[in-house]
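The values are calculated or read from the model by the stated rules, or taken from the named source; none is laboratory data. Everything quoted here is computed from the prediction, not taken from an experiment. Counting neighbours? That spans all protein chains shown, and the Cβs are built from the backbone with ideal geometry, glycine included. Note: areas computed on protein heavy atoms with side chains; ligands, DNA, RNA excluded. Shrake-Rupley method; radii C 1.70, N 1.55, O 1.52, S 1.80 Å.
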Amino acid sequence: MKKRILPYAFFIALLTCTVACSSDDNNLTNVTTDGFKEIAPSVASPLIQPTGFYIANEDWFGHDNGSINFLDYQYNPTYRIYTEANGNKTLGVTTTYAVAFGENYYIVSKQGNRLVVTDKNFKEVKSFTDTLGDGRAFVGISDTKGYISTIAGITIYNISTKTIERKIDGITKQTGNMVYVDGKVYAVVQGEGLVIIDTHTDRIIDKMNGGYTQVTLDKNGIVWAGKGNELVRINPMDTKDTKTYAIANAPINGTWGAWNPGSLTSSMQEDALYWTTANKVVKFNTTSEELNTDFHTLGEDETKIKLAFYGGGLRVDPVKGDLVLLIKRNGWGDSGSYNWTRIISKDGALKKEIFMQGGTNNDKNGYYWFPSIPFFQDNNSPEILANQFVLKPQTTLRVPLKDLVVDQDNSNLLIEKQVEEIDKEFGTVVLEGNELILKAKSKLGKTTLTMKAISNGKSITKVIDIWIRN
């Protein structure tokens, strides 16, 4: 879906187009007789660095409900932070999924408090015991809507009113992972394959049959789905445009029996996918199409007991680019009380391994965490840096938005952009991929363009000046 974009320097020179502004600049010495002043691009705000990351735990069924642990970037753990923030209140039973979206965290459990919405300090905003099915996962769609996957389909959640609305027609079976891109949600449905939903109408528009097990979205906006011994690449601009890779030596298996989020995940720092198979991490380069089945092996603990993944197994830190692995001792019984969080680099090197304590259930003060999924902070908001476009009459200007609409902790190609029509006397404007296309008519003067950007549930709207000048 990524279109060829003109180099930024060439764009600046093209048709004397000028972008961005400083609204408080009162220096009018360069103002022309028609009121035009050329102004320089705005500077993006610096990255607000994350302080650490979180782990959602299924926790010890029959003994406690789900829980959230935190690790700062010095890898110091803090346990049960949701309970601490909410006066010993608990999450649902068997917490399976958690994600940052907008100004909140969304935490999904199989039973009990099936959806818990918190603020960024994990103070509860709202909780729901009824999500029209036992919870599985959550995907944010816009600043007003999200979907909850359940054992019985997909439920629509209204972010604005904080209410559960209804189920999507036509999906009644267990639904797992979901991703959103380009106005569509791709959802893995047990026994039905990959179901594609138009999020404007909340209706199914397509199905890709087969044994799909997991789905993820890469930093370029491409959908990738696991199908046992196959990995499928899907172009969201044309869902018939697919490519299948044989991965029989590194299968992406399903997790339907005792559902967890699975391990298929992507990096926001490189063109790479990762997943687990047996006791190994597999890496797939989405550019070179190289599959590395020996990227990382778990090995054994210090007592020579084999290690195994649990729950989703891994996710990639979107800012640091490191992999976060969820590990336990292999086997049953007290093996579940020995848990580690392992950090490895994108090159596969071990950076840190932290033993997760939090109890008195073994000789290391371990606990039966049964970790489900790592999840990460989202501290930055989208910014529109453009404030001015200048072009000559009867000309067309193609504006690459890569450096003009930004979010410091999200890929530019995952930021959704919207524009309103300009005054038709001056011309037209449309979005095409990640480019803005302006077509000027013969009328000279100034009009305005309204642009909206939505990034991971946060939105901004800005009015941009458009000048048509000789």
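Some notes on this structure:
- Only protein heavy atoms count here; under a 1.4 Å probe, Thr33 has an accessible surface of about 150 Å².
- Ranked packing of 245-257, 84-96, most packed first, by mean Cβ within 10 Å: 84-96, 245-257
- Theoretical FRET efficiency, 1/(1+(r/R0)^6), r = Cβ-Cβ of Asn158 and Asn235, R0 22 Å, to 0.05: 0.15
- Relative contact order %, the chain, counting alpha carbon pairs below 8 Å whose residues are six or more apart: 13
- Loop chymotrypsin sites (Phe, Trp or Tyr not before Pro), the stretch 315-390 (other Cβ atoms within 10 Å of the site Cβ: 11 or fewer; DSSP): Trp332
- Label of the coordinate-derived value, semi-axes √(5λ) of the Cα gyration tensor in Å, listed as [x] 43, 23, 22; [y] 30, 25, 24; [z] 42, 27, 20: [x]
- Estimated from helical segments only, the mean residue ellipticity of the chain at 222 nm is -500 deg cm²/dmol, where each DSSP H run of four or more residues counts as -39500 (n - 2.57).
- With all protein chains in place and ligands, DNA and RNA left out, the 1.4 Å accessible area ranks Lys446, Lys306, Lys162, Lys462 as Lys306, Lys446, Lys162, Lys462, largest first.
- FRET efficiency, Lys207 to Thr450 (Cβ-Cβ, R0 41 Å, nearest 0.05): 0.70
- Modelled label positions at Asp334 and Asp130, each set 7 Å beyond Cα in the direction of Cβ, lie 4.5 nm from each other.
- Distance (nanometres) between label positions extended 7 Å along Cα→Cβ at Ala278 and Asn220: 3.1
- Compared with the direct C-alpha span, the chain from Lys351 to Thr51 gains 106.3 nm at full extension, assuming 0.36 nm per residue.
- Rolling a 1.4 Å probe over the heavy atoms of the protein chains gives the chain an accessible area of 42 Å² per residue.
- Spin-label zone in the stretch 392-406 - amide nitrogen under 13 Å from a point set 7 Å from the Cα of Arg469 along the C-beta vector: 392-393
- Computed from label points 7 Å out along Cα-Cβ, the spacing between Thr303 and Arg166 is 5.6 nm.
- For the stretch 409-470, the carbon plus sulfur part of the accessible surface works out to 44%, probe radius 1.4 Å.
- Calculated FRET value between Trp256 and Val31, using beta carbons and R₀ = 56 Å, to 0.05: 0.25
- Lys/Arg +1, Asp/Glu -1 at C-beta; the chain dipole; positive extreme among Ala386, Ile171, Thr448: Ile171
- Taking all protein chains as shown and a probe of 1.4 angstrom, Asp64 keeps an accessible surface of around 60 Å².
- The stretch 347-470 shape via C-alpha gyration tensor axes, a/c threshold 1.5: prolate
- Taking Cβ atoms as reference points and 9 Å as the exclusive limit, the residues near Ser109 contribute a net charge of 0, counting Lys and Arg as +1 and Asp and Glu as -1.
- Accessible-area value, Ile415, 1.4 Å probe, nucleic acids and ligands omitted, Å²: 10
- Full-extension gain in nm, Gln269 to Asn76, via 0.36 nm per residue minus C-alpha separation: 67.1 nm
- Mean separation of Cα contacts under 8 Å (6+ apart) over length of the stretch 211-332, as relative contact order %: 18
- Placing a label point 7 Å from the Cα of Ala248 along the Cα-to-Cβ line, the residues of the stretch 292-325 whose backbone N sits under 17 Å from it are 293.
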